[in-house]
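Structure first, commentary second.
The values are calculated or read from the model by the stated rules, or taken from the named source; none is laboratory data. Given the structure is predicted, the values throughout are model-derived calculations rather than measurements. Heads up, the Cβs are rebuilt from the backbone with ideal geometry, glycines too, and the neighbour counts pull from every protein chain shown. To get the accessible areas, we keep the full protein, side chains included, count just its heavy atoms, and leave off ligands, DNA and RNA. Shrake-Rupley method; radii C 1.70, N 1.55, O 1.52, S 1.80 Å.
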Amino acid sequence: MEFKVYSLLLIFLLLPNSVLGSNKCNFPAIFNFGDSNSDTGGFSAAFRQAPPPYGETFFHAPAGRWSDGRLIIDFIAESLGLPYLSAFLDSVGSNFSHGANFATYASTIRPQNLSLSAGGYSPISLDVQQVEFSGFMTRSQAVREKGLSLDSLLEKDHFSRALYTFDIGQNDLTAGLDLNLTLEEIKAQVPDMIGQYSSVIKEIYRLGGRSFWIHNTAPLGCFAYVLDALADTTPEVDRYGCLIPYNQISQFFNVKLYEAVVLLREEIPLAAVTYVDMYSAKYAIISQAKELGFEDPFRACCGYGGDYNYSRYARCGSKAVVNGTEVVVAKSCKDPSAWISWDGIHFTEAASKWIFDQIADGSFSDPPVSLESACSRSN
């Protein structure tokens, strides 16, 4: 298929011998947009807290992250010498002097019709996150103009000098699966997803954003929650055990996202737009799990039952009444650092750190600039 050839060529292009751009950008802030892959507390503040044992490895308690510890966005902040991002929706103990995080668990690019109570998706879709950012920017500047010097707010020029990170789209694809759409029907929706994605980036550019770091989406066919639901009806697997048709859906989305990034570079010429091939980085850790010292890449560290220690009815931290006593039935494994999958949907801190180490120097980026040089334009 044409998009498969294109995707393989793209992966080849994203693995250069050396990276471009050596100037450090000295980003004073990060603004992040996305889903649970980069949520640092938005969903927990607005809806419900991620329960124990989430957060156990690094924070030693639930910290709004859907992992045992730090996420890739946390390692991005650390590497740039910035504090971890506070969630925009979290009013308790937050500090926005170095940016804000608008991502929430279960977020999508396009607004979904399924409510959270019906097992659906977050109402805080990407367009809502952009509106939140716009309001945050306006109100921050208004406070500054009143002469109030607040350490918890950004300086005015920080908005134009900040790094804008994006990691979203995975839930849009799985939403189609939840609605029992065919793979071709899901593909048909991708151009609209990408169109709305591009519109948000152009609006942030209009508001002054200039440095964009955009992650593509993961290989869906390698995740326990997809394998658990679809492995019995999907015989086409690759040499590592991932479901080929669902990885092809991710590849198709990523090719269209890359095409949009190329066009964005023409439409927003003052911006530096970096496309990060997270698909290849995440597929690499899954396919090389044993060589890297990890356990079964498909099996969840924290979960209950089934071939993958995952059940959508008893997810990580779930409780049940046993002999009259409420106990946690979906428990964490003894050593999360030996596992790639935390809960069948998200990565462990150890896996996220490995992935971050691969992408930080620009080896998986187009143009091949390092994270600290992501303000460098290729044109």
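Numbers for the structure displayed
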| item | result |
| --- | --- |
| Cα centre as origin, Lys/Arg/Asp/Glu Cβ charges: the chain dipole, Debye | 620 debye |
| Where N is the number of residues in the chain, Cα Rg divided by 2.2 N^0.38 Å | 0.95 |
| Rounded FRET efficiency, nearest 0.05, which uses the C-beta distance separating ASP335 from GLU145 and R0 of 51 Å | 0.45 |
| Efficiency of FRET between ASP296 and ASP361 - r from beta-carbon atoms, R0 30 angstrom, step 0.05 | 0.55 |
| Separation in nanometres of the label points that stand 7 Å from Cα toward Cβ, at THR182 and ILE244 | 1.9 nm |
| Separation between Cα centres of region 299-332 and region 152-184, rounded to whole Å | 29 Å |
| Solvent-accessible area per residue for region 242-338 (1.4 angstrom probe, square angstrom) | 46 Å² |
| Cβ-based charge dipole, the chain, positive-most Cα from THR348, TYR84, ILE359 | TYR84 |
| Charge dipole (debye, nearest 20) of region 170-267; +1 at Cβ of Lys and Arg, -1 at Cβ of Asp and Glu | 500 debye |
| The chain, relative contact order in percent, only Cα pairs under 8 angstrom and at least six apart counted | 21 percent |
| Charge-dipole axis of the chain as Lys and Arg at +1 and Asp and Glu at -1 on Cβ define it, positive-most pick from ILE201, ASN37, ALA284 | ILE201 |
| Table column - 3J(HN,Hα) (Hz), region 355-370, Karplus curve with 6.51, -1.76, 1.60, x for Gly and Pro | 5, 4, 4, 6, 8, 5, 8, x, 5, 10, 10, 10, x, x, 9, 6 |
| At R0 = 25 Å, FRET efficiency that the Cβ-Cβ distance of ASN23 and GLU203 yields, to 0.05 | 0.35 |
| Long-range amide H partners of ALA374 with built H, under 5 Å | CYS25 |
| Distance between modelled label sites at GLU236 and VAL328, nm, 7 Å Cα→Cβ extension | 4.0 nm |
| Amide hydrogen neighbours beyond the local backbone of THR274, cut-off 5 Å, H modeled | PHE212, TRP213, ILE214 |
| Estimated [θ] at 222 nm from DSSP helical runs (n ≥ 4, -39500 (n - 2.57)) normalised by residues in the chain, nearest 500 | -11000 deg cm²/dmol |
| Apportionment of accessible area to carbon and sulfur, the chain, percent (1.4 Å) | 52 percent |
| Probe 1.4 Å, protein heavy atoms only - accessible area per residue of region 47-179 in square angstrom | 42 Å² |
| Global form of region 27-75, assessed from the alpha-carbon gyration tensor, a/c cut-off 1.5 | oblate |
| Under 16 Å from the ALA314 label point (7 Å along Cα→beta-carbon), backbone N, region 41-57 | 53 |
| Within straight-line cross-link reach of LYS353, lysines at Cα separation under 26 Å, skipping those fewer than 8 residues along the same chain | LYS24, LYS282, LYS290, LYS331, LYS334 |
| Euclidean distance of C-alpha centroids, region 78-104 and region 210-258, integer Å | 29 Å |
